[in-house]
Amino acid sequence: MQHPPSLGRRQLLVAGGALGLAAAAGPLLTSPARATSKAPSCVRITDLGPGIQQFALMSALQVGDTVYIGSRNLEPTRVLAFHLPTRKVVAQTVLGTGHSIQALAVDSTGRYLYAGILTKGDEGKPNLFRWDLTAPDKPAVGVGRTEDRDIRDLAVAPDGTVYAVGGIPGKAPALWMYDPGTGKVTELGIPDPKATLARAVAATDTTVFFGAGSVLSGGDGASKASLYAFDRASGTFGDVTPPEMEKDPSLRDLLVSGDRLVVSTSGSTEPAKLAVMDLADLSSYSVTTTTGKVVKNLTANGDSICFATDTGLHSYSTETEVISPVGFDGDLGEIWGLDVAGGTLTVVSGYGFVGEIDLATGRAVVTDLGEAGAPVVAQTTMGIAADHRYAYVGGNNGIARHDLRTGKVVNLRAPGEAKDAEVLGGVLYTGQYSSQGMWTYDPAKGGQPHQLAAFPSEQNRPLDVCYDPVSELLLVGVQSDTEGGGSLWTYAPKTGEKAAYINPVDGTQLVRAVATRDGVAYLGGDNPTPQGPRGTLVAFDPVARKELWRIDLPATLTTGVAAMAVRGRHLYGLTRKGGFFVVDLTVRRVIHTADHRAVCPGFASMVTSRGVVYGVSDTTLFRFDHKTFAISTVVAEINGAWYSGPHVNADNRGRLYTMRGRHLVRVEDRPVN
């Protein structure tokens, strides 16, 4: 939701006690939590402008002399046409549904470009679109809808039949077919009932290859990498997964190159792998272990296969079975497009640029897409952190630095996503998804953010970052998407010492929230699977490196922990469905619960500022009374445009920072006691 036009940049909105009283008096809560704080307050809101603006992207495909690029977390979704000879954006089409475009494919004639979208929820609209490249001034049209909601990859067979794979939470992914002759979308079956996602598909005249695995929602019996061959004539699946790849969490990419099928994986506890299979005899293949965590964007270059990893570009010789680096002087970040034509390797970076590398000379030309005509707009956001001078907002492959004195905004480059962050002594510390560990940025030194500390790659999704002033440790709660469970990371900014504690809650509960008091870290457990325990709280001593005690939340709080904060002897927490609890840390038991789904229907974030515990949901910024634990609204209908859950952070002067629509706002709240 965008800001109303009447709320201009850096405009102050001052409300007296009426705001707090009106919020308290309204029917906000369902039983048993009808009591609200009646203390009036003065709330001052400063609009700091769009949180982060860029042309974020998630897919790219070269057709002739034009690269087609799909947007990411932008509204509306769109595909751009970047013309290589002129290095300009020459056309675009708006799809208008979903949030990102991960899948692009073109038919054998080069006329029709197909795009598949990702969406937060089933909108009941097409998720498969077709753009006629001979008439780029005409918009792409929705041609079909797969019931798996998210399309992660597309392939077009030589006869024009389109195949799609993807997934939807809680359901094994199917193989889908779109017949352009009849206009029908058909489900062809679920080859791997234990998979949680399918990310790769390729097609020949006779066979469709389906690559799946649980790179998201791993653990709890979910399958690892799987590769199936679907016989187009008989309509049957056969498992053709190379055994050497079965330990990896997911099949990441597929490429049909002549008489070979090239297969790659996402790694976890082991590095990612690359296989080359004989299409005439799939039992004949070679497998090579890479040095990366993921191998993707496969493209053929004669007898070589070029590909991207998290460490850069590489080339694999099918004759010698040797992997060699492809040189590039600079940082390519997260790569979403890779194609070879006429001796030039075209790279599309998540940093928002197109790189053209001459493979013979190594010379490269980089074109910023914003400068080339791509729309630079506000995207949905990740983590937030602030001090008195700068506020930071995380996006895809970037962090926006807002100068709170001048209003100037600078986009910094950081691969992946800054899921959460803290500022200590003017220095920014982030938890970077996926498998990027912790990163840091010091504005006094300039330059770009850089990696501070690496952690086990399977512990890939940092969720909550906080600082303990007693132990002088940064504490990070983490989820393992591929293996299940999670971890606690610790990092000492003064010494550089780090540690990772795997599954400190148990083997199924990740650490979604971390709070601290007197040198003790309090870990909030959450289990995203339908089975097993959830909502366990663990008190952990990060210096002694041991658990002190644990308790389970009452059964009435049916979901795991979403957020926590400490005030005095009380640990406040919210669950993923608005359940509220307070733990007295001196007696180690839950002393208060309430149902706050009316203002907190899903994920939440919490922070303590000026002695008050605040929380933010997708809809509302609110506070808790420290005597009665009653809730009251600070800003109603704040409706932050979050990608992976809301955040609220406080600077070193106690002012709050969060999102209102796609704008960053500073909130100064002065409850009157």
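The values are calculated or read from the model by the stated rules, or taken from the named source; none is laboratory data. Since this is a predicted model, take the numbers as computed values, not measurements. As a convention, Cβ positions derive from the backbone with ideal geometry for all residues, glycine included, and neighbour counts pool all protein chains shown. Side chains included, ligands, DNA and RNA excluded: accessible areas come from the protein's heavy atoms. Shrake-Rupley method; radii C 1.70, N 1.55, O 1.52, S 1.80 Å.
Some points to look at:
- Accessible surface of the range 320-392 [probe 1.4 Å, protein heavy atoms]: carbon and sulfur percent: 47
- Top positive-direction residue, dipole computed over the chain with Cβ charges, set 493, 586, 469: 586
- Residues whose amide H falls under 5 Å from that of residue 240, counting only those 5 or more places apart or on a different chain, are 227, 228, 229, with hydrogens built in the peptide plane.
- In this structure, the residue pairs whose Cα-Cα separation is over 18 Å, taken from 171/273; 273/293; 273/419; 247/273; 125/296, are 171/273; 273/419; 125/296.
- Rounded to the nearest 20, the size of the Cβ-charge dipole of the range 452-511 about its Cα centre is 160 debye, with Lys and Arg at +1 and Asp and Glu at -1.
- Lys/Arg +1, Asp/Glu -1 at C-beta; the chain dipole; positive extreme among 280, 536, 556: 556
- Per DSSP, loop trypsin sites (Lys or Arg not before Pro) in the range 337-434 with at most 16 further Cβ within 10 Å: 363, 389, 405, 408
- Average Cα contact separation per residue, the chain, under 8 Å, 6 or more apart, as relative contact order %: 11
- Only protein heavy atoms count here; on that basis, with a 1.4 Å probe, residue 87 has an accessible area of about 90 Å².
- Qualifying trypsin sites (Lys or Arg not before Pro) in the range 528-581, DSSP loop, other Cβ atoms within 10 Å at most 14: 545, 569
- Estimated FRET transfer efficiency (residue 377, residue 321; beta-carbon r; R0 35 Å; 0.05): 0.20
- Dividing the summed helix terms, -39500 (n - 2.57) for each DSSP H run of n ≥ 4, by the number of residues in the chain produces a 222 nm estimate of -500 deg cm²/dmol to the nearest 500.
- Part-to-part distance (alpha-carbon centres) for the range 245-276 and the range 123-183, which is given in Å: 23
- Between the C-alpha center of the range 307-368 and that of the range 620-673 there is a gap of 44 Å.
- Straight Cα distances below 29 angstrom link residue 627 to the lysines 38, 577, with same-chain residues fewer than 8 positions distant left out.
- Normalised contact order of the range 294-432, rounded percent, pairs of Cα under 8 Å and 6 or more residues apart: 13
- When the GluC sites (Glu not before Pro) in the range 181-286 are filtered for DSSP coil states and for at most 16 other beta-carbon atoms within 10 Å of their beta-carbon, the remaining sites are 246.
- Tail beyond 18 Å, pair distance distribution of the range 440-515 (Cα, percent): 42
- Size of charge dipole - the range 224-303 - debye, nearest 20, with Cβ of Lys, Arg +1 and Asp, Glu -1, no other charges: 340
- HN-Hα J in Hz across the range 610-616 - Karplus 6.51, -1.76, 1.60, θ = phi - 60°, x for Gly and Pro: 6, x, 10, 8, 10, x, 9
- Average accessible surface for the chain: 37 Å² per residue, computed with a 1.4 Å probe over protein heavy atoms with every protein chain in place.
- When only the Cβ of Lys, Arg, Asp and Glu is charged (+1, +1, -1, -1), the dipole of the chain relative to its Cα centre reaches about 3180 debye.
- Percentage relative contact order, the range 220-370, counting C-alpha pairs under 8 Å, at least six apart: 11
- Apportionment of accessible area to carbon and sulfur, the range 476-571, percent (1.4 Å): 49
- Cα shape, the range 342-394, gyration tensor, a/c 1.5 rule: prolate
- C-alpha center-to-center spacing [the range 93-120, the range 388-405] in angstrom: 31
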